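This report refers to the structure that appears directly beneath it.
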Amino acid sequence: MCLLRMKSRPSYKSEFTSRDDAELEQLKLTRRPGRPASARQDALQTRKDFELEEFNTGFYIPDLLDKENVKLFREWNLAYSGIGLLKFIRIAKEGGLQLPQQDADMDMME
């Protein structure tokens, strides 16, 4: 696994994932005891849980460090079928960049 260090700002994560906390808290307070959560509360909680999990495992984004991939990305017509042509990388929780396994293997061979 090849990691490149990048500057990270941990407060972005807390700002982003806590943006609905006030509404979630309000929904919890207005719910009568013994009643299930509202659809809105469930949706907000599910989104928050998903975003926290994605942050912990890393964001999967197009590799904009590869010139050929940038060219393909610019020419992409946003069709779902074109996604397979792009190379992706994962931005790790620690602020690092995880290259695809095949690229990391090639780096080790050199």
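The values are calculated or read from the model by the stated rules, or taken from the named source; none is laboratory data. Bear in mind the structure is a predicted one, so any value in this text is a computation, not a measurement. In this analysis, Cβ positions are derived from the backbone assuming ideal geometry, glycine residues included, and neighbour counts consider all displayed protein chains.
Out of all the residues in the stretch 27-58, which are surrounded by 12 or more Cβ atoms within 10 Å (Cβ to Cβ) and either in contact with a strand residue (DSSP E or B) (Cβ under 8 Å, 6 or more places away or on another chain) or among the polar types (S, T, N, Q) (or both)?
If the condition is that a residue be surrounded by 12 or more Cβ atoms within 10 Å (Cβ to Cβ) and either in contact with a strand residue (DSSP E or B) (Cβ under 8 Å, 6 or more places away or on another chain) or among the polar types (S, T, N, Q) (or both), then 38, 41, 45, 58 are the ones that fit.
Working carefully through the options 69, 77, 56, find the one that is out of contact with any Gly (no Cβ under 8 Å at 6 or more places or on another chain) and not in a helix (DSSP H, G or I).
77
Among the residues of the stretch 1-32, count how many are of a type outside the set (Lys, Arg) and at pLDDT below 90.
14
Scan the stretch 80-91 residue by residue and report those that are among the aliphatic types (A, V, I, L, M), outside any loop (DSSP other than H, G, I, E, B) and either more than 20 Å from the chain's Cα centre (by Cα) or over 23 Å from residue 16 (Cβ atoms) (or both).
83, 85
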